[in-house]
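All remarks here apply to the structure that follows.
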Number of protein chains: 2
Amino acid sequence: MNNGMIECSVCHSKLVSPASKTISRAYDRHKSRITSKQRVLNILLVGGDCMLVGFQPILVYMSKVDGKFNFSPISVNFLTEITKVFFAIVMLLIQARNQKVGEKPLLSISTLTQAARNNVLLAVPAFLYAINNYLKFVMQLYFNPATVKMLSNLKVLVIALLLKVVMKRKFSIIQWEALALLLIGISVNQLRSLPEGTTALGLPVTMGAYVYTFIFVTVPSMASVYNEYALKSQYDTSIYLQNLFLYGYGAMFNFLGIVVSAIVKGPSSFDILEGHSKATMLLIANNAAQGILSSFFFKYADTILKKYSSTVATIFTGIASAVLFGHKLTMNFLIGISIVFISMHQFFSPLAKVRDEQNGVLELPEVQDKQRCEIIAY
Amino acid sequence: MNNGMIECSVCHSKLVSPASKTISRAYDRHKSRITSKQRVLNILLVGGDCMLVGFQPILVYMSKVDGKFNFSPISVNFLTEITKVFFAIVMLLIQARNQKVGEKPLLSISTLTQAARNNVLLAVPAFLYAINNYLKFVMQLYFNPATVKMLSNLKVLVIALLLKVVMKRKFSIIQWEALALLLIGISVNQLRSLPEGTTALGLPVTMGAYVYTFIFVTVPSMASVYNEYALKSQYDTSIYLQNLFLYGYGAMFNFLGIVVSAIVKGPSSFDILEGHSKATMLLIANNAAQGILSSFFFKYADTILKKYSSTVATIFTGIASAVLFGHKLTMNFLIGISIVFISMHQFFSPLAKVRDEQNGVLELPEVQDKQRCEIIAY
């Protein structure tokens with residue numbers, strides 16, 4: 001695949017390769033040879049994600065003291081970022097030690113400064129994440145958890161739209177429908193948990209709430225997609241280095257948050273360790289691990305896979321809790337997961353994809369070919 | 001398309017045409033040139049079906065006297081068959097009158113006897129329908145209406161299986177999933193209506209009930225598919241003539257039913273007009289019209305379209321009742337119909353179909369073609 005030109009062996013017409021259409025040569029070169037290694041990685045990613053997401057609710061429950069958090073939300077986020085930065089540094093040192101002779105030194109000033117310049121884009125997702133982590137807690141005050149859950153399902157579609165715009169990803173109509181089905185499947189599963197009071201659409205009604213909802217849905221989606229964009233566009237930079245910057249920015253923004261709230265609520269909110277327990281420490285560790293894992297998702301897989309993975313995670317938690325605590329699996333749950341699995345198959349099935357690639361890459365030749373392949377009855 | 005041979009203009013390989021794979025040359029010749037006329041017919045079919053199905057529940061409600069039927073179910077079915085026979089005869093007479101000179105006389109003894117011999121197969125669906133019409137009422141005694149509704153959703157899949165076996169229809173994986181989604185969509189819509197008492201799966205538990213369920217689901221599905229088979233396999237016979245036989249057999253079987261119940265319950269059940277009112281007459285007329293319409297579905301469209309059409313009908317009834325009686329549209333309803341519409345698009349979309357035909361018809365050439373069309377990077 002030199003200078004991204006390819007040739008169709010039917011019509012021998014030179015075409016611009018998909019590579020030149022998308023974000024990073026390096027990434028596409030990597031992508032072009034999807035090895036079984038890649039597949040194994042995906043499985044490890046999803047598997048790990050399932051475990052971490054599965055533990056989340058338990059840890060959140062444990063960190064609550066008589067139903068509320070004693071610590072300031074921002075402090076949790078700040079500590080999480082610090083943990084991630086620490087992890088990134090450790091990994092970088094290990095990487096640097098294991099470098100072969102003659103390799104470009106990983107921690108030389110020149111490398112770092114250049115990487116810093118190239119990856120400055122990571123400030124964008126870091127900032128968006130900082131806002132989102134705060135919003136998460138704010139939303140709880142405006143809507144009941146069930147509604148928040150319902151609303152956050154909409155992210156799937158927003159993410160897809162952003163991927164189309166930012167990453168120039170092409171989705172076939174079947175894949176769009178698959179994403180809609182994912183949204184629907186999750187919603188069906190949550191229907192029962194909707195309190196009686198809520199309106200037919202389970203949505204809040206006040207104008208302000210709508211604005212909050214919009215922000216609550218778009219901000220994290222933009223964060224994920226821009227994160228994927230930033231990580232992949234500098235594909236050759238070590239992911240730990242990229243994480244170091246990402247989390248560095250993250251810690252910075254969260255620290256600013258603390259300063260601001262310190263100014264607003266007084267200096268008390270400065271002691272970021274106030275009201276923390278073993279449980280909250282575990283929660284922070286879990287958050288950190290999830291954050292690190294997702295950066296692997298974004299760089300080596302994509303945001304959609306991340307979404308599906310967290311959905312599968314919640315499904316497994318549901319099944320697990322049914323097995324462990326003998327809950328009865330509701331009709332909603334069973335129907336919900338069947339929709340999710342159909343959606344998953346449709347999204348990742350070659351049927352949908354091939355067509356997708358054809359639409360994306362082989363526009364003209366594909367059409368010609370179709371015509372040529374048409375069967376003439378005579 | 002002479003003697004069903006076709007040629008691919010790429011590899012110039014002679015192929016057996018899809019026609020010879022399926023049931024009736026005549027039907028395929030008709031199908032091969034799907035005109036806008038055909039499309040208009042489909043719309044009329046679905047439109048008419050929606051109206052009739054829409055009225056059904058109202059008429060059923062009206063025919064009940066303090067919540068139960070005063071007349072014997074079989075009598076309704078018998079009268080319905082009679083009505084349909086009457087309609088068929090009238091239409092035949094009209095057709096015969098409008099025949100051009102030189103055309104093979106429609107009502108000559110020879111034509112009738114030959115048609116009767118060719119269409120003897122129609123006795124099968126007629127018999128199955130007779131059983132089913134009776135089962136419908138019986139089921140009401142064993143399950144609550146909501147459960148019956150739920151169970152009857154399973155017909156979609158059974159019908160698809162039978163079409164595959166009997167009519168050699170080929171469905172792509174996407175189409176199978178679309179049918180599963182149709183089933184799911186309808187179920188989601190009905191979830192709310194499920195009474196609290198029912199088990200997690202909303203299914204009855206006694207062994208006997210399972211047997212009844214199995215019969216209740218398979219018999220009508222077999223009836224529809226065999227009806228489609230019988231009508232299409234004698235495509236050249238006038239549909240009114242075919243209906244005359246179908247309903248003739250139907251009346252016969254229902255009459256036998258009345259005789260049997262007369263023997264069991266005594267002669268009282270012989271006066272088939274007992275306990276009937278204007279409402280029941282309208283109900284019978286509606287049933288008859290639905291029966292006649294479905295024979296058009298089976299001959300000129302297919303059973304799946306019929307299924308989708310009745311689903312769309314129930315959706316419109318739901319919306320109508322919401323508009324007329326100011327019911328609030330539930331979340332279940334909204335989610336349910338979005339699933340149904342996605343399913344519909346996926347089932348009828350060329351994306352799913354083309355692939356399907358390729359699998360079915362062009363096995364080898366398609367594969368070769370795929371290989372040829374592969375892009376070699378160099």
Worksheet, complete the sentence: Under a 1.4 Å probe, counting only protein heavy atoms, residue B:50 has an accessible area in Å², nearest 10, of 20
Worksheet item: residue A:65's amide H: which non-local residues (gap 5+, or another chain) put their own amide H closer than 5 Å, with H modeled 1.01 Å from N in plane and none for Pro or chain starts?
Response: A:70
Response to the item:
Karplus ³J(HN,Hα) for region A:217-233 (6.51 cos²θ - 1.76 cosθ + 1.60, θ = phi - 60°; Hz, whole; x = Gly/Pro) runs 8, 7, 4, x, 4, 4, 3, 4, 5, 5, 4, 4, 4, 5, 5, 6, 5
Response to the item:
Rounded to a whole number, the mean other protein chain Cβ count within 10 angstrom for residues of A:342-348 is 3
Worksheet entry | Vicinal HN-Hα couplings computed from phi for region A:207-215 (Karplus, 6.51 cos²θ - 1.76 cosθ + 1.60; Hz; Gly/Pro x) | 4, x, 4, 4, 4, 3, 4, 4, 4
Worksheet item: Per-residue HN-Hα couplings for region A:124-136, Karplus 6.51 cos²θ - 1.76 cosθ + 1.60 at θ = phi - 60°, whole Hz, x for Gly and Pro?
Response: 4, x, 4, 4, 4, 4, 4, 4, 4, 4, 6, 3, 2
Worksheet item: How many nm is it between the label spots at residue A:282 and residue B:36, if each spot is 7 Å from the Cα in line with the beta carbon?
Response: 6.9
Fill in: For residue B:114, net neighbour charge (Lys/Arg +1, Asp/Glu -1) across residues whose Cβ lies under 14 Å away
+1
Practice prompt. For a label point 7 Å from the Cα of residue A:98 along Cα→C-beta, name the residues of region A:286-322 whose backbone N is under 11 Å from it.
Written response: none
Item to complete: On the full set of protein chains, 1.4 Å probe, figure out the accessible area of residue A:40 and give it in Å² to the nearest 10.
Response: 80
Fill in: Cβ-derived FRET efficiency at R0 51 Å, residue A:58 paired with residue B:165, nearest 0.05
0.55
Worksheet item: Listed here are the pairs B:232/B:278; A:84/A:149; B:68/B:149; A:37/A:168; A:168/A:307; A:149/B:307; which of them are more than 28 Å apart at the Cα?
Response: B:232/B:278; A:149/B:307
Discussion item. What does the C-alpha gyration tensor say about the overall shape of region A:221-260? Classify as rounded when a/c is under 1.5, otherwise prolate if a/b is larger than b/c, or oblate.
Written reply: oblate
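Per residue, how many Å² of accessible area does region B:205-253 show with a 1.4 Å probe? All intermediate terms of the calculation are to be shown ahead of the outcome.
Values: 1830 Å² over 49 residues.
So region B:205-253 comes to 37 Å² accessible per residue, rounded to a whole number.
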Worksheet, complete the sentence: Using alpha-carbon positions, the gyration tensor of region A:99-187 gives root eigenvalues a ≥ b ≥ c; with a/c under 1.5 called rounded, otherwise prolate if a/b exceeds b/c, else oblate, the class is oblate
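The values are calculated or read from the model by the stated rules, or taken from the named source; none is laboratory data. Nothing here was measured: the structure is a model prediction, and the numbers come from that model. We place every Cβ from the backbone using ideal geometry, glycine too, and count neighbours over all the protein chains shown. Calculation scope for accessible area: heavy atoms of the full protein, side chains included, ligands and nucleic acids excluded. Shrake-Rupley method; radii C 1.70, N 1.55, O 1.52, S 1.80 Å.
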